[in-house]
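Have a look at the structure below, then the notes.
The values are calculated or read from the model by the stated rules, or taken from the named source; none is laboratory data. The structure displayed is predicted, hence computed values, not measured ones. Heads up, the Cβs are rebuilt from the backbone with ideal geometry, glycines too, and the neighbour counts pull from every protein chain shown. SASA here: full protein model, heavy atoms, side chains in, ligands and nucleic acids out. Shrake-Rupley method; radii C 1.70, N 1.55, O 1.52, S 1.80 Å.
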Protein chains: 2
Amino acid sequence: MSARTAAPAWEALFRAQVHLMRHFEEAKDFAPLTSREYDVLFTLARCGGAARMRDLVPHLLMSQPSLSRMVDRLASDGVLERRIADGDGRGVIVALTDRGAELQRRVGRRHVRSISSRLDAVLTEDEQVELRRLCAKLQDPETGPDDARHAGETRRAGSQKEEER
Amino acid sequence: MSARTAAPAWEALFRAQVHLMRHFEEAKDFAPLTSREYDVLFTLARCGGAARMRDLVPHLLMSQPSLSRMVDRLASDGVLERRIADGDGRGVIVALTDRGAELQRRVGRRHVRSISSRLDAVLTEDEQVELRRLCAKLQDPETGPDDARHAGETRRAGSQKEEER
DNA sequence: CAGAAGTTCATGCAAATGCATGAAACTACC
DNA sequence: GGTAGTTTCATGCATTTGCATGAACTTCTG
């Protein structure tokens, strides 16, 4: 058991992620969206432009009710639309509109440039590849007693509630 | 310019952080606190148990008003207390109470064990050290036109607003 | 020292979030 | 086929968040 190396590694990872995310947000990478909204568009694009709500939720950083309402907002903004899943009257399919897809691509390109200029400044290509490899291992579902259905994980940062305090 | 390696590296980092954070929260690492509340206690402990609000904010994942109200709540729960900074009537010093310090240590120990058991399962010690090194480089303030006063960064994930949509 | 400018924290308010729950649709079992 | 149970999404509600702003205090300038 190496708390000696594990805890500092986690803390550095955590801080690096926060630091970079703040940097990207301050640089307006996601404008005119919030990062969470971009996350929805990005995930949808990755799913071919459309997906069922229930399949989307586990990849996003928010609860099911939050996604439901965010989809309301984004739909009324015209970047995506809701459809009833055929074959299942309960299911809702969320799909990018043309405008939404174009917006995602535009923001995505800008964000990728921003990422590169930031990472290239401090890591060599080899280091970037190594970082990716290590981070990928961290998501290995092989472990822990709980996970099993994790595959293309994505985002979040939630919370809990009391008990004593 | 290596978007080829930079973007995947950032995405892997991002997902690894989210994945692990979710894991720790689902494992109730921070109970009876939320992760943000623990972040406050942890940061305070690291500052020797007390710090001024304005010095705390940049290390935390929340806005100044949010910290102000969270301190209200934590103070009324008895884990910390507010004092007026002497020499500056505007300043507020936030300090851990004995209970707060004990709580932080207890939760912290549990969290460190949780981190170790998770990371040790997928990374060797050498890999953990290397991950830490790479993540530390990512926080190098040497770069970007904006940062300059960053030192012991910490947490966040914010948002922006529209403009077009 | 007086007034302007800056700093630090708190508060009003609208928006977003999560939890608990509800409604609608589908599935399983008798 | 009908009813119980499950799945999927939406909604009520309390909480939390951030932004804009205000109040109290300090510092700077002449």
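Structure notes:
- Long-range HN-HN contacts of B:Thr34 with modeled amide H, under 5 Å: A:Gln160
- Couplings 3J(HN,Hα) of segment B:91-105, computed from phi: x, 10, 9, 9, 9, 5, 7, 4, 4, x, 5, 5, 4, 4, 5 Hz, in residue order, whole Hz [Karplus 6.51 cos²θ - 1.76 cosθ + 1.60, θ = phi - 60°; x for Gly and Pro].
- Structural descriptor for segment B:20-129: relative contact order 28 percent, calculated from alpha carbon pairs under 8 angstrom and at least 6 residues apart.
- Distant-in-sequence amide H partners of B:Ile93 (H built 1.01 Å from N, under 5 Å): B:Arg83, B:Ile84, B:Ala85
- Taken over segment A:14-134, the alpha-carbon convex hull comes to 125 cubic angstrom per residue.
- Distance in nm between pseudo-label sites at B:Thr124 and A:Asp98 (7 Å out along the Cβ direction from Cα): 5.5
- Spin-label model distance (nm) - B:Ala45 vs A:Arg109, 7 Å beyond Cα toward Cβ: 4.8
- The string of couplings for segment B:57-70 from the Karplus curve (6.51, -1.76, 1.60, θ = phi - 60°) is 3, x, 8, 10, 8, 8, 6, 4, x, 5, 4, 3, 6, 5 Hz, one whole number per residue in order, with x for Gly and Pro.
- Label spacing, shortest first and in nm, from A:Thr97 to its equivalents in the remaining copies (7 angstrom along Cα→Cβ): 5.4
- Averaged over the residues of B:31-42, the number of partner chain Cβ atoms lying within 10 Å of the residue Cβ comes to 3.
- Averaged over peptide A:24-30, the number of partner chain Cβ atoms lying within 10 Å of each residue's Cβ comes to 3.
- Per the axis that maps chain B onto chain A, nearest residue of B (Cβ criterion) and its distance in Å: B:Gln17, 2
- Estimated dipole of segment B:20-129 in Debye, rounded to 20 [Cβ of Lys and Arg +1, of Asp and Glu -1, Cα centre]: 340
- What a 1.4 Å probe finds exposed on segment B:20-129 is 50% carbon and sulfur by accessible area, rounded to a whole percent.
- Residues whose amide H falls under 5 Å from that of B:Lys28, counting only those 5 or more places apart or on a different chain, are absent, with hydrogens built in the peptide plane.
- What segment A:14-134 shows is 45 Å² of accessible area per residue, with the surface traced by a 1.4 Å probe over protein heavy atoms.
- Ordering of A:68-74, B:126-132 by packing is B:126-132, A:68-74, highest average first (other Cβ atoms within 10 Å, averaged per residue).
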